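Participant: Structure incoming, see below.
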Amino acid sequence: FFGQKTGLSVSGQLEGEMCATAFGKIYTFGPSFRAEESNTPRHVAEFWHVEPEVAFAELPDVIELVEDMIKHVVSAAMEKCPSELEFFEKHFERNLLDKLRNLVDKKFGVATYTEAIELLEKADAKFQYLPKWGHDLQTEHERYLSEQVFQRPVFITDYPKEIKSFYMKQNEDGKTVAATDLLAPGVGEIIGGSEREADLDKLLAAMKERNMVTEDYENYIDLRRFGSVPHGGFGLGFERLVMYVAGIDNIRDAIL
């Protein structure tokens, strides 16, 4: 993507997990870089990342925290920036204020990945990419679910373990992980999170499957080796949240 060998700072999550087990609740806020070549209206090579990590939290706790945070932030924007939002509604997205009130007032939807795939397979819609269990959801799938099916933000949970990261807690079915993505109308995914794997043997097995060099992660592994607690967290793409609140349809217009 960058035309040369490049070292990228990615997520602060692994260090954040260590801090959370010391302090209970923490967050980081800083730039993250993508290695994938994704030239779309919702991807940038460098984005700003809000990443909370919370000790003694399982997946339902992570979901509750995400919903409370998003509603709090949007409520604050509506209260403090009414004239700006009126401007965005006039020039960028019709019925923007109704969309934001709907977000604040209604409970978010929840569906498992398996249920989402079944809904997409039955959908009366033509997709560029056919939905299939075991494959990641594309933006067109995410938007169909949030805009057409649920008509509000929706959490998709319990993804196949093969398409998610090594650190996500493996569910008892052996096929899925305790992960969630929050899909928002008009944008698609704005948050990805999970309960983290606290079982040392399962974590090491997941790393081995991905041919990871465990010596590079000794501190992270020690967090499990010497006893862990259920914990979880999520990452919020800040520009995507700005896109959603402002009704802007290209992430490049949200960077500044």
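The values are calculated or read from the model by the stated rules, or taken from the named source; none is laboratory data. These numbers were taken from a predicted model, which means no experiment stands behind them. Because the Cβ atoms are built from the backbone with ideal geometry, glycine has one as well, and the counts that use them run over all protein chains shown. Note: areas computed on protein heavy atoms with side chains; ligands, DNA, RNA excluded. Shrake-Rupley method; radii C 1.70, N 1.55, O 1.52, S 1.80 Å.
Participant: Out of the residues in region 1-18 meeting the condition of being of a type in the set (Gly, Ala, Ser) and closer than 24 Å to TYR217 by Cβ, tell me which one is least open to solvent (accessible area, probe 1.4 Å).
Facilitator: GLY16
Participant: PRO153 passes all but one of (1) open to solvent by 40 Å² or more (accessible area, probe 1.4 Å); (2) within 21 Å of ALA254 (Cβ to Cβ); which number fails?
Facilitator: The number of the failed condition is (1).
Participant: Among the numbered criteria (1) closer than 21 Å to GLY188 by Cα; (2) open to solvent by 60 Å² or more (accessible area, probe 1.4 Å); (3) modelled with pLDDT under 95; (4) of a type outside the set (Asp, Glu), which single criterion is violated by ALA45?
Facilitator: All conditions are met except number (2).
Participant: For region 86-99, check the following and say yes or no: at least one residue is farther than 30 Å from SER228 by Cβ, surrounded by fewer than 19 Cβ atoms within 10 Å (Cβ to Cβ), among the aliphatic types (A, V, I, L, M) and touching a strand residue (DSSP E or B) at 6+ places or on another chain (Cβ under 7 Å).
Facilitator: no
Participant: Given the structure, is GLU51 at pLDDT 95 or above and open to solvent by 50 Å² or more (accessible area, probe 1.4 Å)?
Facilitator: In short, no.
Participant: Answer yes or no as to whether VAL242 is within 27 Å of ASP68 (Cβ to Cβ), hydrophobic (A, V, I, L, M, F, W, C) and surrounded by fewer than 19 Cβ atoms within 10 Å (Cβ to Cβ).
Facilitator: For VAL242, the condition - within 27 Å of ASP68 (Cβ to Cβ), hydrophobic (A, V, I, L, M, F, W, C) and surrounded by fewer than 19 Cβ atoms within 10 Å (Cβ to Cβ) - is met.
So that you can scan it fast, the table gives a plain yes or no per residue for (1) touching a Phe, Trp or Tyr at 6+ places or on another chain (Cβ under 6 Å); (2) at pLDDT 95 or above; (3) not hydroxyl-bearing (Ser, Thr, Tyr):
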{"site": "ASP181", "(1), (2), (3)": "no, yes, yes"}
{"site": "PRO185", "(1), (2), (3)": "no, no, yes"}
{"site": "VAL213", "(1), (2), (3)": "no, no, yes"}
{"site": "ASP216", "(1), (2), (3)": "no, no, yes"}
{"site": "LEU223", "(1), (2), (3)": "no, no, yes"}
{"site": "GLY237", "(1), (2), (3)": "yes, no, yes"}
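Participant: Would you check if LYS164 is closer than 27 Å to PRO41 by Cβ and over 20 Å from the mean Cα position of the chain (by Cα)?
Facilitator: no
Participant: Residues in region 188-210: is at least one of a type in the set (A, V, I, L, M, F, W, C), surrounded by 20 or more Cβ atoms within 10 Å (Cβ to Cβ) and closer than 30 Å to ASN95 by Cβ?
Facilitator: Checking region 188-210: at least one residue is of a type in the set (A, V, I, L, M, F, W, C), surrounded by 20 or more Cβ atoms within 10 Å (Cβ to Cβ) and closer than 30 Å to ASN95 by Cβ.
Participant: Which condition does ASP173 not pass, out of (1) farther than 21 Å from HIS49 by Cβ; (2) over 15 Å from the mean Cα position of the chain (by Cα); (3) open to solvent by less than 10 Å² (accessible area, probe 1.4 Å), if it passes all the others?
Facilitator: Failing condition for ASP173: (3).
Participant: Related question: Name the single residue that is least open to solvent (accessible area, probe 1.4 Å) among those in region 101-142 being aliphatic (A, V, I, L, M) and more than 21 Å from TYR159 (Cα to Cα).
Facilitator: Among those residues, the one meeting the criterion is LEU103.
Participant: Return the residues of region 19-42 that are in a helix (DSSP H, G or I) and open to solvent by less than 60 Å² (accessible area, probe 1.4 Å); say none if nothing qualifies.
Facilitator: The answer is CYS19, ALA20, THR21.
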